[in-house]
Amino acid sequence: MADALLELRAVHGWYGPAHVLQGIDLHVMPGEIVALVGRNGAGKTTSICAAMGLLPRSAGSIRFDGVEMIGKPVHARFAAGLGYVPEERRIVAGLTVRENLRLGMLAVRAGAAAERRAIDEVAARFPRLAERFGQQAATMSGGEQQMLAIARALLSRPKMILLDEPSEGIMPALVDEMAQLFVDLRADGMTLLLVEQNVELALEISDRAYVLDQGMIVHEGTSADFLADPEIRERYCSV
Ligand SMILES: Nc1ncnc2c1ncn2[C@@H]1O[C@H](COP(=O)(O)OP(=O)(O)OP(=O)(O)O)[C@@H](O)[C@H]1O
Ligand SMILES: [Mg+2]
């Protein structure tokens with residue numbers, strides 16, 4: 001897998017004594033959308049946390065853009081171009097949409113002109129946010145807050161984004177908008193690892209998929225094959 005952008009090999013992860021990840025192998029090629037699915041408690045969030053360096057203890061190999069990341073702190077992985085949109089979104093509720101977006105740019109230290117350009121780009125890609133630049137983030141719907149979290153992650157100019165259940169708790173119209181956003185981002189060369197409970201959605205927009213069960217990958221293949229095989233979904237993804 002010489003060309004993979006992200007590659008996990010035999011990754012183990014622990015919370016204290018709990019050995020949650022039991023040797024994960026997965027990779028994401030540049031420009032791919034890869035889905036990671038599985039039941040509640042399967043280890044999806046833990047896998048993403050391992051990739052970001054957020055687990056108290058992990059082992060194995062996590063290569064990103066050709067560099068070994070095991071042992072490197074979160075900020076080093078972020079600086080290398082790994083973007084992350086956590087399940088709980090972590091937008092700053094008391095700040096406006098624009099202020100939240102500016103926070104996303106702190107790390108890239110852009111000048112004022114570059115910052116304005118980047119914010120204009122966001123406005124073009126996220127018209128729903130553009131209409132709400134001055135609005136307090138806390139007063140937006142869950143879906144709008146999720147869009148804001150994604151927009152903010154994009155502003156740090158990542159090479160890849162890890163998304164943990166972006167469609168969770170979001171009204172159907174916005175879920176469709178989000179799916180289209182991911183497809184558009186891929187068309188522009190972005191690479192995504194998408195954790196989803198909404199398996200249908202994840203398979204429809206992804207190129208390949210992995211199924212996690214009890215901290216192990218139990219199935220992998222193209223999303224098209226997976227969509228055509230309801231039995232696998234039944235076995236590993238039904239709650
Ligand atoms: N901070 C923690 N301390 C101890 N155990 C944890 C911790 N976080 C998660 N776990 C355990 O690790 C296992 C995997 O959890 P994880 O959150 O990765 O699952 P998930 O696939 O993301 O589930 P969900 O679909 O519910 O988000 C579960 O058994 C969970 O109880
Ligand atoms: Mg989770």
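The values are calculated or read from the model by the stated rules, or taken from the named source; none is laboratory data. None of the values given here were measured: they were computed from a predicted structure. Cβ: placed from backbone, ideal geometry, glycine included. Neighbour counts: every protein chain shown.
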Test result for D176, farther than 16 Å from I91 by Cα and modelled with pLDDT under 95 | yes
Kindly list, by first and then second residue, each pair from a residue in region 187-199 that is farther than 15 Å from P30 by Cβ to a residue that is among the polar types (S, T, N, Q), limited to pairs with Cβ atoms under 9 Å and residues at least 6 apart or on different chains.
-> L194/S206; V195/T45; V195/S47; E196/S167; E196/S206; Q197/N40; Q197/S167; N198/S167
Of everything in region 1-20 that's within 8 Å of ligand 1 (Cβ to nearest atom) and among the hydrophobic types (A, V, I, L, M, F, W, C), which residue is nearest to E204 (Cα to Cα)?
-> V20
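For every residue, the table says whether it meets (1) farther than 19 Å from E196 by Cβ; (2) assigned to a loop (DSSP other than H, G, I, E, B); (3) out of contact with any strand residue (DSSP E or B) (no Cβ under 8 Å at 6 or more places or on another chain).
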site: H19; (1), (2), (3): yes, no, no
site: D25; (1), (2), (3): yes, no, no
site: P30; (1), (2), (3): yes, yes, no
site: N40; (1), (2), (3): no, yes, yes
site: G60; (1), (2), (3): yes, no, no
Pick from V108, V97, V34: which is closer than 20 Å to S206 by Cβ, away from ligand 2 (no atom under 14 Å from the Cβ) and either buried (at least 19 other Cβ atoms within 10 Å of the Cβ) or not assigned by TED's automatic domain parsing to the domain that holds L163 (or both)?
-> V34
Check whether at least one residue in region 61-73 is among the hydroxyl-bearing types (S, T, Y) and under 19 Å from L8 (Cα atoms), and report yes or no.
-> yes
Scan E68, E88 and give me the residue that is over 25 Å from A187 (Cβ atoms), within 16 Å of ligand 2 (Cβ to nearest atom) and out of contact with any helix residue (DSSP H, G or I) (no Cβ under 9 Å at 6 or more places or on another chain).
-> E88
Of the residues in region 64-79, how many are assigned to a helix (DSSP H, G or I) and over 18 Å from L26 (Cβ atoms)?
-> 5
When only residues in region 124-138 that are among the aliphatic types (A, V, I, L, M) and out of contact with any Leu (no Cβ under 7 Å at 6 or more places or on another chain) count, which is nearest to E88 (Cα to Cα)?
-> A138
Considering only residues of region 39-64 that are more than 22 Å from R89 (Cβ to Cβ) and hydrophobic (A, V, I, L, M, F, W, C), which is farthest from ligand 1 (Cβ to nearest atom)?
-> F64
Would you be able to say whether some residue in region 75-91 is of a type in the set (V, I, T) and buried (at least 17 other Cβ atoms within 10 Å of the Cβ)?
-> yes
